[in-house]
1. For the range 75-96, what are the residues that are among the β-branched types (V, I, T), open to solvent by less than 20 Å² (accessible area, probe 1.4 Å) and at pLDDT below 90?
2. Give the residue, chosen from L70, L6, that is over 25 Å from R132 (Cα atoms), under 19 Å from the mean Cα position of the chain (by Cα) and not aromatic (F, W, Y).
3. Any idea how many residues of the range 97-117 are assigned to a strand (DSSP E or B), open to solvent by 50 Å² or more (accessible area, probe 1.4 Å) and among the small types (G, A, S)?
4. Determine which member of the set L114, L131, L90, L169 is over 30 Å from R39 (Cα atoms) and under 22 Å from the mean Cα position of the chain (by Cα).
5. Can you find, within the range 23-37, the residue that is least open to solvent (accessible area, probe 1.4 Å) among those that are touching a strand residue (DSSP E or B) at 6+ places or on another chain (Cβ under 6 Å) and touching a residue at least 40 places away in the same chain (Cβ under 8 Å)?
6. Only one of these is exposed (fewer than 12 other Cβ atoms within 10 Å of the Cβ), at negative phi and without any contact (Cβ under 8 Å) to a residue 60 or more places away in the chain: D72, D20, D63. Name it.
7. Within the range 209-241, take every residue that is farther than 14 Å from S163 by Cα and of a type in the set (D, E, K, R) and give me the one that is modelled with the highest pLDDT.
8. Looking at L44, L40, which is the one that is in contact with a Cys (Cβ under 9 Å, 6 or more places away or on another chain), within 30 Å of L114 (Cβ to Cβ) and open to solvent by 30 Å² or more (accessible area, probe 1.4 Å)?
Amino acid sequence: IAVCPLGEGSGAPQVRDLTDRRTVHGRWERAGDICGQERLQLVLGGGGRWLAAVLPSGVRVWDVRSGEQLPDLPDTGVRYAAFSKEGKFLAIADGKEIRLWRLGAGSVVFRHSLNNQHLGGLAWDPTRPVLRYLEAGTVHTLDVATAVTSAWQDRPADKVLISPDGRTLATARRTGDTYRFELRDTNDGRLLRTLPLTPQRVPRDPSRQGLPEYGLPHLAFTPDGKALAYGVTAPWYEASP
């Protein structure tokens, strides 16, 4: 449980482990500017793994196990916040939309406009990747399975292209001094093929070696989607054929 001491402006939040009946210590104990703020909410999630303080200026998040603070979420005017079951995502709602943050990465993976709806609550389904919110006498359901997929990667690809028929995704990702080109099924993300490496480009100037940091990958499907051309170039970099 996370609480604020009695009295206005009475210091930092406190976290208690109800199983062991002990105080849990962390960097939130240094946040003496939190308790006493207007519309403050303290939210625990992920089985007690995460703590969020919803403030008018934004949202602060801490890892309860390590006691460390994560980067602040800049969202203002938040009215409701809820962690996913595993605690990897934090759903927040203000007066305009619902946003889904991936913790640690600091990125929004899902947005849903409220279109002048007035929320009365926000919660995760405990058994599947579904968000629910109450509006007047109606419970609305949002399927966020594609946003919380385990196939999500921390590092974005350097180049992506979808085939004309929409069935294949071509990606290029830099690895060391070259690029790795892959083809994936857009239906389930399954790897179809890793393409052969492009030939090492040899500079015309013998004093310059290797692919420069600003090399650019290129992808192009034929109109029927049956063939893919790919390669790497470097602007202002003369290479032999």
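1. Within the range 75-96, just V78 meets the criteria.
2. Only one candidate qualifies: L70.
3. 1
4. Criteria check complete, one pass: L169.
5. Here the residue is W28.
6. Every option except D20 fails the conditions.
7. Within the range 209-241, the match that is modelled with the highest pLDDT is E238.
8. The match here is L40.
The values are calculated or read from the model by the stated rules, or taken from the named source; none is laboratory data. In this text the structure is predicted, and so the values were computed from the model without any measurement. As a convention, Cβ positions derive from the backbone with ideal geometry for all residues, glycine included, and neighbour counts pool all protein chains shown. When the accessible area is computed, the model is the full protein with side chains, heavy atoms only, and any ligands, DNA or RNA have been set aside. Shrake-Rupley method; radii C 1.70, N 1.55, O 1.52, S 1.80 Å.
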